[in-house]
1. Where both partners of a DSSP beta bridge lie in the range 39-152, what percent of those bridges are antiparallel, to the nearest 5?
2. Which distance in nm do the two modelled labels at residue 118 and residue 151 give, with both placed 7 Å along the Cα-to-Cβ direction?
3. Go ahead and collect, in residue order, the members of the range 71-100 whose backbone nitrogen is under 13 Å from a label point 7 Å along the Cα-Cβ direction of residue 53.
4. Once the other residues with Cβ under 13 Å from the Cβ of residue 122 are scored (Lys, Arg +1; Asp, Glu -1), what is the net sum?
5. Going highest first, how would you order 141-147, 116-122 by mean Cβ packing within 10 Å?
6. To the nearest 0.05, how large is the calculated FRET efficiency for residue 74 and residue 142 if R₀ is 35 Å and r is the Cβ-Cβ distance?
Amino acid sequence: MFRSTNSYRTLVTTVGLCLLAGCADTTPPPAQAAAVNGPQLAGAWYQVFFDSNATDINSRGDMIIQTVANVVKQNNAVRVTVIGKADSLGSMSSNAVLSQRRADRVRDSLIAHGVPANRIDTSWSGEAKQDVTTAGNVAEQRNRVVDITVVQQPS
């Protein structure tokens, strides 16, 4: 019992001295640091959804694109990745073309909002990489999407 009491007193004394001497780490946790220093931009992810067999960007999608453009224009150390997707309604080849047109439309809108074209990487996957797995020829809005990711540029 004497030994455990001694160990406890030593631990309490060490912690107390450390706090008094300022040895404790006073760096705020990441969530607090982000609130103080602004959001951590790398890795931000956005989605613009589309109607079936359409490439028109609705007002919600335009608002998202404006947000991404503002984020990118304020930080020269980030890039944008744009990936077009489609649901399985229709043929695979037409869905590949549709997802490309959607990705190109979002890319062009980002450029129109001031994002430099050389900071945008664009690709598309058609119906091959769906967010929600469905059977063939199924309309699923969550798969009619362009994913936009803000990523840190390699230094």
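1. 70 percent
2. 1.9 nm
3. It comes to 89-91, 94-95, 98, nothing else.
4. On the way: positive: 79, 85, 101, 102, 105, 107, 119; negative: 104, 108, 121, 147.
Value of the local net charge: +3.
5. Details: 141-147: 20.7, 116-122: 13.9.
In descending order of packing, they fall as 141-147, 116-122.
6. Numbers: r = 30 Å, r/R0 = 0.85.
Calculated transfer efficiency: 0.75.
Each value in this text was obtained by applying a stated rule to the coordinates, not by laboratory testing. Just so we're clear, the structure is a prediction, and the values are computed from it rather than from any experiment. Virtual Cβ from ideal backbone geometry, glycine too; neighbours counted across all protein chains shown.
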